[in-house]
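The values are calculated or read from the model by the stated rules, or taken from the named source; none is laboratory data. If you're wondering where the values come from, they're calculated on a predicted model, not measured in any experiment. Positions of Cβ are generated from backbone atoms using ideal geometry, with glycine treated the same way; all protein chains shown enter the neighbour counts.
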């Protein structure tokens, strides 16, 4: 018995990927083992290709750092005359190969840039002074280093709407809180180890909180409930407490984007 | 049809077969932990299989039929009792208005599904009526049921459901002589859970893999709708190192840093970073949903192809069952 059974190889050269069994209802395409923007682009391209050219029974594709997992209804996959193969993974592998065909619709994979207004420090970022002290910086330097960087969304996970961001300046890396907070407010911007991110929901959390955004990162009432998606670019923009409060009253996202 | 919750029990939520379309937004699947029982309760009524049901966790809940109702229930851990009548599971039951129904503890199992003719009428959010506890939406106001909650059924019922209702309605509790044969869909040995080796299977040492597939694992009391934590032989790593987070699914068995098994269940996160030793066969996942703390199971390996064959066979059986219920009223 081997965990390697049911691995299929697809693509060629730099475009090579493997396909492995995740469950009866999903396979995972793996594009290497590294976090980098090249891999992100390939994950994103296949995600867009599958959504533009869906197969019978397809219901979702979940991008991650170096993988794209494809979820489907196995009964529809096995009953479809459009797909051929003895089982789902063979049918999916053949389908993925067909996406390399010149005739399939090639989607645009341009990412979106999302500006996220953040009120740093004070009651909005109770750990700003700690992050500054740990790294031998002033609070102003922390704010500047945090908002001058351009971040890339690698994946969404952990809780609805939570984006794993790449691109934080390593000078800001700070260990998590010894004792996680029981409740972190929605919109809190934090640093945990060498990562930064925004809590989309009020949850318990152990990250150092440096600020808060009035933007809603997850809205179950929207057809696109997560504000961010894999491949997007994120820029944090400092705002004052007045602007933060004003935003909550007017809710005018257009003012920032 | 309308019911009112008098006592909610430990954790009672509205669920359907899950929210499949927003996994890439980090939205968990949610839905019934034991989808087989939820679907059986709906099939018994002639409902659509993904109609919303109430998932009760352990006994203790109490509700009242504010109008006459046509219900069915399936699952484990409790029986529904009205006065001194035990309502039989896995078949349509007619309740006259004002009937109080109590959930009475039974050994084996812990989750029971209550279906109503037409399904419970809560709003569809992101393609599902399931309660997403993490983000507080779906089901009834995004939360567990509370004392005083009122739930209505959907106005649209199928021809089959209408026919069942016509055959049972009257002034007293009544139920059909037939039931959906839930026991035929259960494996002979419910303590044996079939698994497919997962992608990181070779990361673990052979002694640990033998332990995994031969020694019992016992459910820890800390388990919930996000995951089942097991006590048992610890799993040692052969290959050290971290893996990049990737999509996981209900049924994924992760091995944590201290060598313990966590079986992800339906409220699990959409991505995870622990190495995965195995994936529970979908046809056996409902067995794990019905485990009580201190219940023990064994894992038995099968191939991915076998798991898929079992999946398709179970779907065919459920389809036939639904057709059989419908055919009684042609």
task: Could you tell me whether residue A:156 is more than 14 Å from every other protein chain (Cβ to nearest Cβ) and closer than 16 Å to residue A:196 by Cα?
output: no
message: I'm trying to understand the selection: among the residues of the range B:163-184, which are out of contact with any helix residue (DSSP H, G or I) (no Cβ under 8 Å at 6 or more places or on another chain) and touching a residue at least 24 places away in the same chain (Cβ under 8 Å)?
response: B:163, B:165, B:168, B:169, B:170, B:171, B:172, B:173, B:178
- line: Of (1) over 21 Å from residue B:303 (Cβ atoms); (2) within 7 Å of chain B (Cβ to nearest Cβ); (3) buried (at least 23 other Cβ atoms within 10 Å of the Cβ), residue A:22 satisfies every one except (1)
query: Got a sec? Which of B:187, B:216, B:197 is away from chain A (no Cβ under 12 Å) and either under 30 Å from residue B:239 (Cα atoms) or free of Cβ contacts under 8 Å to residues at least 40 places away in the same chain (or both)?
result: B:216
field: Qualifying residue in the range B:26-46 (condition: touching a strand residue (DSSP E or B) at 6+ places or on another chain (Cβ under 6 Å) and more than 18 Å from residue B:266 (Cβ to Cβ))
entry: yes
message: Pairs please, first residue from the range B:63-74 and without any contact (Cβ under 8 Å) to a residue 60 or more places away in the chain and not assigned by the TED database to the domain that holds residue B:41, second anywhere and outside any strand (DSSP E or B) and surrounded by fewer than 22 Cβ atoms within 10 Å (Cβ to Cβ), Cβ atoms under 7 Å, 6+ apart in sequence or on different chains.
response: none
task: Considering each residue of the range A:55-88, count those that are more than 7 Å from chain B (Cβ to nearest Cβ) and in contact with a strand residue (DSSP E or B) (Cβ under 9 Å, 6 or more places away or on another chain), and give that number.
output: 10
message: Looking at the range A:202-219 only, could you name the residues that are under 19 Å from the mean Cα position of the chain (by Cα), surrounded by fewer than 20 Cβ atoms within 10 Å (Cβ to Cβ) and part of a loop (DSSP other than H, G, I, E, B)?
response: A:202, A:216, A:219
message: I'd like the residue in the range B:274-305 that is free of Cβ contacts under 8 Å to residues at least 60 places away in the same chain and in contact with a strand residue (DSSP E or B) (Cβ under 8 Å, 6 or more places away or on another chain) and, out of all such residues, is farthest from residue B:260 (Cα to Cα).
response: B:282
- request: Kindly indicate whether any position in the range A:109-132 is surrounded by 18 or more Cβ atoms within 10 Å (Cβ to Cβ), assigned to a helix (DSSP H, G or I), without any contact (Cβ under 8 Å) to a residue 24 or more places away in the chain and more than 14 Å from chain B (Cβ to nearest Cβ).
  value: yes
field: Flag for residue B:310 being touching a residue at least 60 places away in the same chain (Cβ under 8 Å), at the interface with another protein chain (Cβ under 10 Å from one of its Cβ atoms) and outside any loop (DSSP other than H, G, I, E, B)
entry: yes
